[in-house]
Amino acid sequence: SVVSIKVLLAGQREPGCEVTVQGWIRSRRDSKGGFSFLAVHDGSAQSAIQVVAPGELGNYEAEILKLTAGCSVIVSGDLVASQGKGQSVEIQAKQIEVCGWVDDPDTYPIAKKRHSFEYLRTVAHLRPRTNTFGAITRVRTVLANAVHRYFYERGFQWINSPLITASDCEGAGEMFRVSTLDLMNLPRSENGGIDFSEDFFGREAFLTVSGQLNAEAYCLAMSKVYTFGPTFRAENSNTSRHLAEFWMVEPEIAFANLDDDAALAEDFLRYLLAQVLEHCEDDLAFFNQFVDDGVLARLQKVASSSFERMDYSDAIKILEKSNKKFEFPVRWGLDMQSEHERYLCEEHVGGPLIVTNYPKDIKAFYMRMNDDEKTVAAMDVLAPGIGEIIGGSQREERLDVLERRMAEQGLEGLEWYRDLRRYGTVAHAGFGLGFERLLNYITGMENIRDAIPFPRTPKHADY
Ligand code: 4AD
Ligand code: MG
């Protein structure tokens, strides 16, 4: 019966039984004794399983001796205790069927040697065959399931917010347009502008930058909800922390304030780290050995200690007092750049940090105005090595204040969103966790392009 390599390596089959595995050759080594060792992987585990191919196999000379990295095979044989170090079992093959050859082993782009992550991005369709991308893929899967489990076990409803929308949630004008209009023959309105009434949706439409506004609508009926899906930003930032298409987890809770929001963010993050520590032992050991030797210690520490909190105004004072030379200016009223965020959590706190109460002018219209009328009930969770990993806030639930803020920022419309304040409004709060940023934090990978299978960034939408 076909079994995954993970099951075999985990010792879930007794030596002596017959097994079949399906996978790809990672390497072949021929022994002088007239047999060969094949390392076969199938994506289920960090390690490959060792297959011993005896010279008696009917296709030994004709095929086995020609196997190279990347060939696909189906192996049947006896599971036996292994003499080799670092593995408990191996397969003594009785039959090896070669399914697919590698056309030209000399030009196979993923030959068995270590490649730079930069190079691997140019072969994104082949990089899942490497140890590193196998590991990232498995951790991403564990993490995504942990997200859903966390909320499901706590009574949250999962809201599938629309990917196509008319609202610019963050008001940053970073939206991709969705249109079926013929760019060469745009219909014009009377004043010469583009006439979107002729477009597919009869109005301007965009890819969503956040599911928050829709989540708020459901939160104010279902009490506890979350969205988890792709979001899109046409930011022209060619950095190691920004993608044009990334995944975001956005919980939204009713009858809740900023403290409740921060408590949820902390509990949620620590849960996710604990889940990865529990379910991704081998992959984390791999990252710790080959990518960032601080991975394990960091996760263990963060999963078991509480996060520091700090007011934005205090954070600015700390940055002003530090002797560090920053590239960007530090002043009350300015947004913090990632160098500032990283200084605060890496050098000042030495762990994750929740910064609260930012100046209203650098934050979105929906954040709740504080009594000082200068700051809003916002929070960012900052993580060492990454900077901002979560952004959230208590929402402005008072219609008059919301409308004042919208007017200040020149925002019109959103009648449906105002309705939520007209009919049974109540204090509520939520946040957005950047899924790829979290994945980088966990694995120690440096570039966010390596945290998503097929990254979308300026000038890159291949595959
Ligand atoms: O801080 P942001 O912009 O917050 C919002 O979108 C809110 N509507 C969320 C909410 O309150 N429901 O984004 C949230 C998080 C950031 O902290 C960051 O981790 C991630 O999303 N993020 C990005 N990740 C990758 N590439 C980008 N271009 C990102 N922009 C934001
Ligand atoms: Mg933010």
Q. Would the range 366-376 turn up any residue that is without any contact (Cβ under 8 Å) to a residue 24 or more places away in the chain and either under 21 Å from Glu250 (Cβ atoms) or small (Gly, Ala, Ser) (or both)?
A. yes
Q) Arg405: basic (Lys, Arg), in contact (Cβ under 8 Å) with a residue 60 or more places away in the chain, open to solvent by less than 30 Å² (accessible area, probe 1.4 Å) and touching an Asp or Glu at 6+ places or on another chain (Cβ under 8 Å), yes or no? A) no
Q: Given the conditions (1) within 30 Å of Ile136 (Cα to Cα); (2) modelled with pLDDT of 95 or more, report the number of the one that Tyr417 does not fulfil.
A: (1)
Q: Of the numbered conditions (1) buried (at least 19 other Cβ atoms within 10 Å of the Cβ); (2) within 13 Å of ligand 1 (Cβ to nearest atom); (3) of a type outside the set (Val, Ile, Thr), Met445 fails exactly one; give the number of that condition.
A: (2)
Q) Say we look at the range 246-261 and pick out the residues that are over 15 Å from Ala215 (Cβ atoms) and part of a loop (DSSP other than H, G, I, E, B); which of these is farthest from ligand 1 (Cβ to nearest atom)? A) Phe255
Q: List the number of the failed condition for Gln50; all other conditions in (1) assigned to a helix (DSSP H, G or I); (2) under 25 Å from Phe290 (Cα atoms); (3) open to solvent by 20 Å² or more (accessible area, probe 1.4 Å) hold.
A: (1)
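Could we say that Glu327 is over 17 Å from Ile390 (Cα atoms) and part of a helix (DSSP H, G or I) here?
When the stated conditions are applied, Glu327 does not pass them.
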Q) Is it true that some residue in the range 172-187 is in contact with a Pro (Cβ under 6 Å, 6 or more places away or on another chain) and either assigned to a loop (DSSP other than H, G, I, E, B) or open to solvent by 50 Å² or more (accessible area, probe 1.4 Å) (or both)? A) no
Q | Hits in the range 337-363 - residues which are surrounded by fewer than 15 Cβ atoms within 10 Å (Cβ to Cβ) and among the acidic types (Asp, Glu) | A | Glu347, Asp361
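Residue by residue, here is whether (1) away from ligand 1 (no atom under 14 Å from the Cβ); (2) under 30 Å from Ser305 (Cβ atoms); (3) modelled with pLDDT under 95 holds:
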site	(1), (2), (3)
Cys345	no, yes, yes
Arg398	yes, no, no
Arg404	yes, no, no
Glu408	yes, no, yes
Phe431	no, yes, no
Q | Every residue from the range 167-190 that is of a type outside the set (D, E, K, R) and within 16 Å of ligand 1 (Cβ to nearest atom) | A | Ser167, Cys169, Gly171, Ala172, Gly173, Met175, Phe176
**Q.** Residue, nearest to the chain's Cα centre (by Cα), within the range 369-394, restricted to residues that are more than 10 Å from ligand 2 (Cβ to nearest atom) and of a type in the set (S, T, N, Q)
**A.** Gln394
(Q) So, Glu97, is that one surrounded by fewer than 14 Cβ atoms within 10 Å (Cβ to Cβ), part of a strand (DSSP E or B) and modelled with pLDDT of 95 or more or not? (A) yes
Q.
Return the residues of the range 131-147 that are farther than 18 Å from Ile448 by Cβ and over 14 Å from the mean Cα position of the chain (by Cα); say none if nothing qualifies.
A. Asn131, Gly134
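Does Ala315 meet the test of being in contact with a His (Cβ under 9 Å, 6 or more places away or on another chain) and in a helix (DSSP H, G or I)?
Values: in contact with a His (Cβ under 9 Å, 6 or more places away or on another chain): yes; in a helix (DSSP H, G or I): yes.
Taking the combined requirement at face value, the residue satisfies it.
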**Q.** Matching residues in the range 364-387 - criterion: being at pLDDT below 95 and open to solvent by 30 Å² or more (accessible area, probe 1.4 Å)
**A.** Gly385
(Q) Quick check on Arg437: is it within 16 Å of ligand 2 (Cβ to nearest atom), among the basic types (Lys, Arg) and open to solvent by 10 Å² or more (accessible area, probe 1.4 Å)? (A) yes
Q) Does Leu334 qualify as being aliphatic (A, V, I, L, M), touching a residue at least 12 places away in the same chain (Cβ under 8 Å), surrounded by fewer than 18 Cβ atoms within 10 Å (Cβ to Cβ) and assigned to a loop (DSSP other than H, G, I, E, B)? A) yes
(Q) If Lys224 satisfies all but one of (1) within 16 Å of ligand 2 (Cβ to nearest atom); (2) closer than 13 Å to Ile159 by Cα, what's the number of the condition it fails? (A) (1)
Q: With respect to Asp450, determine if the residue is of a type outside the set (Ser, Thr, Tyr) and surrounded by fewer than 14 Cβ atoms within 10 Å (Cβ to Cβ).
A: no
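The values are calculated or read from the model by the stated rules, or taken from the named source; none is laboratory data. Bear in mind the structure is a predicted one, so any value in this text is a computation, not a measurement. When we count neighbours, we look across all protein chains shown, and the Cβ atoms used for this are built from the backbone with ideal geometry, even at glycine. Ligands, DNA and RNA are excluded from the accessible area calculation, which covers all protein heavy atoms including side chains. Shrake-Rupley method; radii C 1.70, N 1.55, O 1.52, S 1.80 Å.
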